[in-house]
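The values are calculated or read from the model by the stated rules, or taken from the named source; none is laboratory data. Note that the coordinates shown come from a computational prediction; the quantities given were computed from them, not determined experimentally. Ideal geometry is used to build each Cβ from the backbone, glycine not excepted, and the neighbour counts take in all protein chains shown.
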Amino acid sequence: MNEHHVSMAANGRIVVPSQVRVSLGMEKGGGFVMTVDDSGTIHLEPLRNVIARIQDEVRTYIPDTVDLVDDLSADRRQQAADE
């Protein structure tokens, strides 16, 4: 684990060092999820990583034989036909 000393400005902002931003692909305006665990440790994770992790977890509940896009498209076609 790499450690970096950072400080907080008067307005509460903390600057993530450029080397960290570059290595993690962090971009200006990018979304992040911040969590604080029971020990008071702050975790900052790019939103795209959180989404990918959740998608991977959801995939474990969907059989390989199911295509959600095709199922949704078929449902929408049926709804349109019923109107």
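When region 25-83 is filtered for residues that are under 22 Å from residue 4 (Cα atoms), among the charged types (D, E, K, R) and outside any loop (DSSP other than H, G, I, E, B), only 45 remains.
Condition check: at pLDDT below 90, on the phi > 0 side of the Ramachandran plot and of a type in the set (Gly, Ala, Ser). Does residue 12 satisfy that? Considered against the rule, which asks whether it is at pLDDT below 90, on the phi > 0 side of the Ramachandran plot and of a type in the set (Gly, Ala, Ser), residue 12 comes out as no.
Of the residues in region 55-69, none is under 14 Å from residue 16 (Cβ atoms) and either surrounded by 10 or more Cβ atoms within 10 Å (Cβ to Cβ) or at pLDDT 95 or above (or both).
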